[in-house]
Amino acid sequence: MIAALAGTLVTKTPQSVLIDVHGVGYEVFTSIQTYYRLPDLKQNVRLHTHTHVREDALVLYGFLSSEEKAAFLLLISVSGVGPRLGLALLSGLTVTELALAIRTGDARRLSSVPGIGQKTAARLILELQSKITSIAPETTDGASAVPSSTMDDALSALVNLGYQAAGAKETLKQIERNRPGEDLMVEDLLREALRRLSK
């Protein structure tokens with residue numbers, strides 16, 4: 001089983017990446033969360049991977065963080081949840097948001113992810129509620145002031161404008177830390193980020 005891959009990032013899309021490992025190209029399917037945090041093309045990258053064996057193929061799924069891989073493995077352990085649904089959940093929710101939804105029994109939040117119905121959401125809660133703390137322990141810090149989807153949209157816009165993903169993400173995090181409790185919209189984040197990045 002291939003548990004990790006380290007090599008040069010050749011191509012990346014919101015669905016998959018191609019990593020060159022000493023001349024061998026590996027296609028790895030990823031979540032949107034991982035896609036947004038990938039380095040630029042031709043840069044080195046290391047992914048935690050899961051090898052999924054099918055009758056007709058070996059399919060690799062990759063994650064930048066070990067927590068996301070652990071969440072993926074928990075998700076696909078649930079009856080009726082395959083790798084595609086697992087990636088859909090991790091694309092629609094961060095690991096922290098996923099853990100919170102399962103821990104609090106928020107079936108509506110889970111079923112907001114495309115492909116996840118009420119029955120599947122209920123099954124996720126039933127089977128994982130006692131296990132989810134192992135990958136995302138409860139904290140007393142409270143939720144982030146800015147939803148991850150808003151941060152992702154702002155990051156995507158900055159990358160499309162030509163800014164480096166790593167620098168743009170750090171700038172957005174600084175803005176969030178400096179303006180706690182504010183209900184920031186994508187436009188607010190972009191305006192402030194552009195002001196800081198143009199200095």
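The values are calculated or read from the model by the stated rules, or taken from the named source; none is laboratory data. Bear in mind that the values here come from a model prediction, so they are computed numbers and not experimental data. Here Cβ is always computed from backbone atoms with ideal geometry, including for glycine, and neighbour counts include all displayed protein chains.
Within segment 1-16, how many residues are within 20 Å of VAL53 (Cβ to Cβ) and part of a strand (DSSP E or B)? Residues flagged as within 20 Å of VAL53 (Cβ to Cβ) and part of a strand (DSSP E or B) within segment 1-16 amount to 3.
Inclusion of SER156 among residues that are modelled with pLDDT under 80, among the small types (Gly, Ala, Ser) and assigned to a helix (DSSP H, G or I) is not warranted. Here is the figure for segment 107-120: residues that are more than 19 Å from the chain's Cα centre (by Cα) and surrounded by 14 or more Cβ atoms within 10 Å (Cβ to Cβ) total 2.
Across segment 31-83, the number of residues qualifying as touching a residue at least 24 places away in the same chain (Cβ under 8 Å), exposed (fewer than 12 other Cβ atoms within 10 Å of the Cβ) and either under 13 Å from the mean Cα position of the chain (by Cα) or closer than 12 Å to VAL17 by Cβ (or both) comes to 1.
Could you check how many residues of segment 1-46 are of a type in the set (Phe, Trp, Tyr) and at pLDDT below 95?
2
Among the residues making up segment 7-30, those that are touching a strand residue (DSSP E or B) at 6+ places or on another chain (Cβ under 7 Å) and either hydrophobic (A, V, I, L, M, F, W, C) or closer than 22 Å to MET151 by Cβ (or both) are LEU9, VAL10, GLN15, VAL17, LEU18, ILE19, VAL21, VAL28, PHE29, THR30.
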